[in-house]
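Shown next, in C-alpha cells, is the structure this report addresses.
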Amino acid sequence: MTTKFRESFKIVDKALLRWFPGHMGKGMKQMQQKLKSVDCIIEVHDARIPISGRNPDFKYSISGLRPHILVLNKMDLADLSYKQRIEDKIKVNQNISNIIYTNCKDSLCPGVKQVMPTALNLIKNSNRFNRSENCDYRIMVIGVPNVGKSSLINAIRSNILGRKKAAPVGGVAGITRAVQHQIKISHNPLVYVLDTPGVLSPTIINVETGLKLAVCATLQDHLVGEEIIADYLLYWFNKNKNFDYVTYLNCDEPTDDIRIALAKAAIYRQSSIKYRDLSGSYIYRPDLQGMARNFLNAYRTGVFGKTLLDNDLL
C-alpha cells in the first residue's frame with residue numbers, strides 16, 4: 001500500500017512560533033549602539049537554512065554600509081550540492097558576495113581559516129568612517145541563536161593565537177545574552193571581535209520558516225514542543241522522499257503519523273513513562289516526548305545524512 005503524505009503542514013497555535021525574549025531586544029539595541037566602533041560585520045547562520053534561517057531585520061538595522069561576510073556554519077550537516085544555487089540567490093536578493101562555509105568543530109576547516117583574511121582585506125579596502133585614525137580593527141559577529149557565532153570566534157582565536165575559547169558556547173539557543181566585551185583574536189594586526197546574542201525577527205514570516213528554525217534548534221525546543229517539531233521533521237522527510245527514519249524509528253513502512261512512529265520507536269527501545277491510574281496501580285506508556293527529543297537529536301547530529309531544509313526556496 002502506498003502511503004499518501006500530507007501536502008502541507010498545519011500547526012494549530014501559531015503563537016508558539018513567536019519567541020522574542022527581552023534580552024533579544026536589548027541585544028539588538030546594544031549592537032546598534034556599538035556600530036560606530038565596528039569596521040566589519042560577520043553574519044553567521046546555519047548552512048541547512050541559508051535563506052529562511054537569516055534575520056531579515058539585520059539588513060536594515062545592523063549591516064548597513066559596512067563590509068559584510070556571510071558565514072554558513074555547520075556545513076558538515078548541510079547538502080552542499082545546492083551550494084551554487086544558494087550563493088546565486090543570496091547575491092541577487094541580498095547583494096552579499098562574500099559567502100564562506102565553515103564547520104567550527106573542525107580545527108582544520110579551510111573556511112574558518114579564510115574568514116579573517118577576507119575580513120581584513122574588506123576593511124583595508126573600505127571607508128572606515130570615524131575609525132580611520134584607529135590602528136586596531138573591530139569586527140562584530142551577528143546571527144540568530146545557536147548557529148555557532150561564539151564557536152566561530154573561538155575557532156578563529158585558536159587558529160591565530162593558539163588560545164582556548166574566550167566566548168561561552170552551548171548546544172541550546174540563548175547562551176550569549178548580551179553584547180560581550182571585545183575579544184582579542186589577533187596581535188598583528190590588532191583585531192578585536194564583539195560576540196553578540198542571537199536575535200530572531202520579532203515576527204517570523206510564516207509557520208514553515210519558524211519550524212525550520214526550530215528543527216535546527218535556533219528556538220528552544222520546549223517553547224514550540226518537541227512532538228510538534230518532530231512532526232514537522234517527519235513531514236519534511238516524507239515530502240523529500242527521505243525514508244531513512246523508517247529503520248531508525250523501527251517503523252514497518254513510511255508513515256505520516258508522528259505519534260505512531262514515536263510509539264513504535266519507544267516500544268522498540270523500551271522507553272516508557274510510569275503512571276498511577278485511578279485504582280492506585282501503575283501502568284506504563286510509551287515515552288513519546290522522549291523519543292521526539294531523540295529523533296530531533298539524531299537529525300541534528302547528522303544521523304539521517306546531509307540535508308537542506310530550504311531546498312523548496314531554491
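Every number in this text was worked out from the coordinates using simple rules, so none of it is lab data. Since the structure is predicted, the reported quantities are computational estimates derived from the model, not experimental observations. Note that each Cβ is placed from the backbone with ideal geometry, even for glycine, and that neighbours are counted across all protein chains shown.
In segment 73-162, what is the volume of the convex hull around the alpha carbon atoms, normalised per residue and reported in Å³? All intermediate terms of the calculation are to be shown ahead of the outcome.
Working: hull volume 11.3 nm³, N = 90.
It comes to 126 Å³ per residue, whole-number rounded.
Give me the count of lysine pairs in segment 30-104 whose alpha carbons sit under 29 angstrom apart, restricted to pairs 8 or more positions apart or on different chains.
Qualifying lysine pairs in segment 30-104: 13.
Excluding residues fewer than 8 places away in the same chain, name every one of the aspartates and glutamates whose C-alpha is closer than 13 Å to that of K124.
Qualifying aspartates and glutamates at Cα under 13 Å: D39, E133, D136.
Check cross-link reach from K4 to the lysines: straight Cα distance under 16 Å, and skip same-chain residues fewer than eight apart.
Output for K4: K239, K241.
Can you list the HN-Hα couplings for segment 241-250, worked out from phi with the Karplus curve (6.51, -1.76, 1.60; θ = phi - 60°), rounded to whole Hz and with x for Gly and Pro?
Going residue by residue, I get 6, 9, 10, 4, 5, 4, 5, 4, 8, 6 Hz, with x marking Gly and Pro.
What are the radius of gyration and Dmax of segment 223-313, computed over its Cα atoms and given in Å?
14.7, 54
In segment 72-171, which trypsin sites (Lys or Arg not before Pro) fall in coil by DSSP and have 10 or fewer other Cβ atoms within 10 Å?
Sites meeting the loop and neighbour criteria: K164.
Give me D for segment 19-195 in µm² s⁻¹, whole number, from Stokes-Einstein with Rh from the Kirkwood sum over alpha-carbon pairs, 4 °C and 1.567 mPa s.
Values: Rh = 16.4 Å.
Once the numbers are plugged in, D ends up at 79 µm²/s.
State the percent of C-alpha pairs, over all pairs in the chain, separated by a distance greater than 31 angstrom.
Working: 17360 of 49141 pairs.
Tail fraction, whole percent: 35.
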